[in-house]
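S.K.: Mind having a look at this structure? Questions to follow.
Every number here is computed from the coordinates shown, using simple stated rules; none is lab data. Predicted model, so just to flag it, every value in this text is computed and none were measured. Cβ placement follows ideal geometry from the backbone for every residue including glycine, while neighbour counts extend to all protein chains displayed.
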Amino acid sequence: MVKAGIIGSTGYAGQELVRLLLQHKDTEIVWYGSKSHINKKYCEVFQNMFQLVDAACMDDNMEELAKKADVIFTATPAGFCASLVNDEILSRVKIIDLSADFRIKDVNTYEEWYGIKHVSPAFIREAVYGLCEINRERVKKARLVANPGCYPTCTTLSVYPLLKEGLIDPGSVIVDAKSGTSGAGRSVKLGNLYCEVNENIKAYGVASHRHTPEIEEQLSYAAGKDVKINFTPHLVPMNRGILVTAYGNLTRTVTYEEVKAIYDKYYKNEYFVRVLEKGVCPETRWVEGSNFVDVNFVIDPRTNRIIIMGAMDNLVKGAAGQAVQNMNLMFGLEEASGLKLVPMFP
């Protein structure tokens, strides 16, 4: 039985971790960390956990938690995990960090985009970027995993095979993405109030969103050269879900069958990536509540471009589900354990 502790368990991603781990036959939650609700019963914060969780929320003492847990999930803002992690803690416990602290390998890039000083850069190189479908073998050996961001997960899994195979021009990639409001977290913000979000859609972080360098870094690994993209996210009035539509110039004339064969080469044996049938566009409603990513593409010979689409639940595959997937790999468990969730509809 893997003993798990969660720091930041009362945020949206933290609560989703609790929901998934409670259903995991090989896991026991030993620490519900929440600096904002210390000593308050977890089920009083989330009534859906009534009679499921009797424990009270605890503090964010990682050193004490490391004595009790086999794995620590940190579902916390940028800078928090980096401020606590050290060699002594990592010698006793594995850490899966859901923030961006260890995702970006260049510390200067991190500091520029996140506007804070990185206080433990020595661990950046060691941390494994936890996109399981691409870094599976490295995740298995890791003691520190940087859980990917939601937009980067959906974008990378959608575009990666075509860049890897040299089918699209690395300098031509444009990414248009939409996300539900849970992606902004649970803290009170004017822009996320019901009256501000309902009956509205807006672009935000235009040419400045923090996930841009993370996406560029992962796509650069695929292309084997530096990739610069235009990335524009949008906020839409729904709770969960991400839809990515990406565009790239084709490097040669291709048929549907050729492109489909490339996606099958990379994802035929990947349980959580579903390459849809021809003509079927991914929709957020068909992945909600699950760890699936649905992808597909359309070739546009008129413009010599390919349009790539991906949809997933930002709180599951985009956060907590992917973190559990990483945990399963790190502890030699079945990768899909606790994650065979049928998408919810409606």
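S.K.: Which value in deg cm²/dmol, rounded to the nearest 500, describes the helix-derived mean residue ellipticity at 222 nm for the chain, given -39,500 (n - 2.57) per DSSP H run of n ≥ 4 and division by the residue count?
M.R.: -7500 deg cm²/dmol
S.K.: Further question on the same structure: Run the reach check for K265 against lysines, Cα to Cα strictly under 26 Å, same-chain hits fewer than 8 apart removed. What comes back?
M.R.: K140, K141, K164, K225, K228, K278, K317, K340
S.K.: Pick from Y263, Y129, Y221: which residue has the top mean-square fluctuation in a GNM of the chain where Cα pairs under 10 Å get a spring?
M.R.: So, out of Y263, Y129, Y221, the one fluctuating most is Y221.
S.K.: Thinking of the chain as a set of Cα atoms, what percent of all their pairs are more than 33 Å apart?
M.R.: Of the Cα pairs, 25 percent sit more than 33 Å apart.
S.K.: For the chain, give me the percentage of DSSP beta bridges that are antiparallel, rounded to the nearest 5 percent.
M.R.: 45
S.K.: Go through 330-338, 240-248 and give me the packing order, highest mean Cβ count within 10 Å leading.
M.R.: 240-248, 330-338
S.K.: Place the peptides 152-158, 173-179 in order of packing, highest mean first, counting for every residue the other Cβ atoms within 10 Å and averaging per peptide.
M.R.: 152-158, 173-179
S.K.: Loop-only check: which GluC sites (Glu not before Pro) in the range 179-268 are DSSP coil with at most 15 other Cβ within 10 angstrom?
M.R.: Passing sites in the range 179-268 are E199.
S.K.: Hey, another quick one. Going 7 Å from the Cα of D26 toward and past its Cβ, which residues in the range 314-345 have a backbone nitrogen under 18 Å from where you end up?
M.R.: 321-341
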